[in-house]
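Asker: Mind looking over this structure? Questions follow.
The values are calculated or read from the model by the stated rules, or taken from the named source; none is laboratory data. Computed from a predicted structure; not experimentally measured. Note that we place each Cβ from the backbone using ideal geometry, even for glycine, and neighbour counts take in every protein chain shown. Accessible surface is based on the protein model in full, side chains and every heavy atom, while ligands, DNA and RNA are left aside. Shrake-Rupley method; radii C 1.70, N 1.55, O 1.52, S 1.80 Å.
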Amino acid sequence: AQRVTQPEKLLSVFKGAPVELKCNYSYSGSPELFWYVQYSRQRLQLLLRHISRESIKGFTADLNKGETSFHLKKPFAQEEDSAMYYCALGRNNNDMRFGAGTRLTVKP
Amino acid sequence: DVKVTQSSRYLVKRTGEKVFLECVQDMDHENMFWYRQDPGLGLRLIYFSYDVKMKEKGDIPEGYSVSREKKERFSLILESASTNQTSMYLCASSLPRRAGELFFGEGSRLTVL
């Protein structure tokens, strides 16, 4: 069975500090991993996907198949990064399963 | 821009009532999804659909059904609402060739009394 685990429900950092949101997955096939973000009073939206190997808003995420992890990182957090972050696993390139989410608060 | 519209932002229903949640997307997406979003549990997939009149169960289909008569519309039905179905319901759509890129609606917050 596929599963996405985000061990931290809440994460709080100060502005300018590095931030890492953890995501672990279990899946027997070839995974497609994504990070979604939901800012206050906004829709849930795609932040980045592992296959693109891109940096969005300063965030990066590397797929580590050995550790079955896809942690989201940013070297210097900003207050506007405060949001709910969800890690997601795509199966057969169609249906998507999400983790429980991590609420990130960046303090001034 | 892709627009996914959920017709009701807030609903209050009584136990045993039949509830319809409607979702419409305007970008000709084949895939459509219904999730419920609960604090501490994240998003859980209820049902999804790859095409008109096709549906697949997600992880928590019990107590729900869906209807997809037209490509742009995907309805979630609670045949007999119960208090444990009080939640935020999110609809999403995607293209098969970009299936990981889900476009979400604003959500429908349902309270069952």
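Asker: Using a 1.4 Å probe on the heavy atoms of the protein chains only, list every residue of region B:40-79 that has 20 Å² or more less accessible area in the complete assembly than in its chain alone.
Answerer: B:40, B:42, B:43, B:45, B:48, B:50, B:59
Asker: Counting only protein heavy atoms and a 1.4 Å probe, tell me what percentage of chain A's accessible area is made up of carbon and sulfur.
Answerer: Using a 1.4 Å probe with all protein chains present, chain A comes out at 48 percent carbon and sulfur.
Asker: Less than 13 Å Cβ to Cβ from residue B:10, Lys/Arg counted +1 and Asp/Glu -1: what total charge do the surrounding residues give?
Answerer: +2
Asker: Give, as a single signed number, the net charge of other residues whose beta carbon lies under 10 Å from the beta carbon of residue B:110, with Lys and Arg counted +1 and Asp and Glu -1.
Answerer: +3
Asker: Suppose all protein chains stay in the model; what accessible area per residue would a 1.4 Å probe give for chain A, in Å²?
Answerer: Per residue, chain A has 51 Å² of solvent-accessible surface.
Asker: Here's another thing I want to ask about it. Taking H placed 1.01 Å from N in the peptide plane, check which residues at least 5 places from residue B:31 or on another chain put their amide H under 5 Å from its amide H.
Answerer: Excluding prolines and chain starts, which carry no amide H, the hits are B:94.
Asker: Please give the net charge around residue A:77, taking every other residue with its beta carbon less than 13 angstrom from that of residue A:77, where Lys and Arg add +1 and Asp and Glu add -1.
Answerer: Summing Lys and Arg as +1 and Asp and Glu as -1 gives +1.
Asker: On to the next question. Where in region A:52-88 is the amide nitrogen less than 16 Å from a point lying 7 Å along the Cα-to-Cβ axis of residue A:15?
Answerer: Inside the label zone: A:76-83.
Asker: In region B:93-113, which residues have a backbone nitrogen under 12 Å from the label point lying 7 Å from residue B:17's Cα in the Cα-to-Cβ direction?
Answerer: Output list for this probe position: B:110-113.
Asker: Using a probe radius of 1.4 Å on protein heavy atoms only, what is the accessible area buried between chains A and B, both sides summed, to the nearest 100 Å²?
Answerer: Counting both chains, the buried surface is close to 1800 Å².
Asker: For residue B:10 and residue A:76, what is the calculated FRET efficiency with R₀ set at 45 Å and r taken between the beta-carbons, to the nearest 0.05?
Answerer: Plugging the Cβ-Cβ distance into 1/(1 + (r/R0)^6) gives 0.75.
Asker: Filter the GluC sites (Glu not before Pro) in region A:1-106 to those in DSSP coil with at most 12 other Cβ atoms within 10 Å of their Cβ, and list the result.
Answerer: Within region A:1-106, the qualifying GluC sites (Glu not before Pro) (loop, at most 12 other Cβ atoms within 10 Å) are A:54, A:67.
Asker: List the trypsin sites (Lys or Arg not before Pro) within region A:3-38 that DSSP assigns to loop and that have no more than 14 neighbouring Cβ atoms inside 10 Å.
Answerer: A:9, A:15
Asker: What's the extension gain from residue B:106 to residue B:62 if we count 0.36 nm per residue and subtract their Cα-Cα distance?
Answerer: 13.5 nm
Asker: Among B:26, B:59, B:51, determine the one that fluctuates most according to a GNM of chain B built with springs between C-alpha atoms less than 10 Å apart.
Answerer: With Cα springs under 10 Å in chain B, the top fluctuation among B:26, B:59, B:51 is at B:59.
Asker: Another question, then. Calculate what fraction, in whole %, of the accessible area of chain B sits on carbon and sulfur atoms when a 1.4 Å probe is rolled over the protein chains.
Answerer: About 48 percent, which is the carbon plus sulfur part of the accessible surface.
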